[in-house]
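The values are calculated or read from the model by the stated rules, or taken from the named source; none is laboratory data. If you're wondering where the values come from, they're calculated on a predicted model, not measured in any experiment. Ligands, DNA and RNA are excluded from the accessible area calculation, which covers all protein heavy atoms including side chains. Shrake-Rupley method; radii C 1.70, N 1.55, O 1.52, S 1.80 Å.
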Amino acid sequence: QVQLVESGGGLVQPGGSLRLSCAASGSIGSIYTMGWYRQAPGKERELVAAITSGGSTNYADPVKGRFTISRDNAKNTVYLQMNSLKAEDTAVYYCKADLRVVLTTRRADYWGQGTQVTVSS
């Protein structure tokens, strides 16, 4: 059993900042890439940012220079620091972990339940 639990969402004014966290727990053998996705009403879920176990990162163009992804491998946790937030960043944010369950060779993607981020004055 593996769980991903996000936290840190909320309501913020344009130009403000939020920090999202996602902690993975359970029968985890290894965690490979971790990432943040978002889904706005009426739109498809899209990648926001991802980070490998070695620390390599990639970002969607709309968030480059404003968002920073990081992870703490000892805590199985990934973070998303969001600065200079815009109304168009409003969405449900989901974390995803590509991981292997302990004592198996099975590798799969696991998702969190999502956290709402609303940017509005």
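Counted as qualifying within segment 20-121 are the strands (runs of 3 or more DSSP E) with 2 or more residues that are open to solvent by 50 Å² or more (accessible area, probe 1.4 Å) and of a type in the set (D, E, K, R), namely 107-111. Could you check, for segment 10-29, whether at least one of its residues is under 11 Å from the mean Cα position of the chain (by Cα), modelled with pLDDT of 95 or more, of a type in the set (Gly, Ala, Ser) and within 15 Å of Gln116 (Cα to Cα)? Checked segment 10-29: at least one residue is under 11 Å from the mean Cα position of the chain (by Cα), modelled with pLDDT of 95 or more, of a type in the set (Gly, Ala, Ser) and within 15 Å of Gln116 (Cα to Cα). Quick check on Leu4: is it open to solvent by less than 20 Å² (accessible area, probe 1.4 Å), part of a loop (DSSP other than H, G, I, E, B) and either closer than 20 Å to Val119 by Cα or of a type outside the set (Ser, Thr, Tyr) (or both)? Answer is no for this residue. Of all residues in segment 82-113, those being charged (D, E, K, R) and under 19 Å from Lys43 (Cα atoms) number 4.
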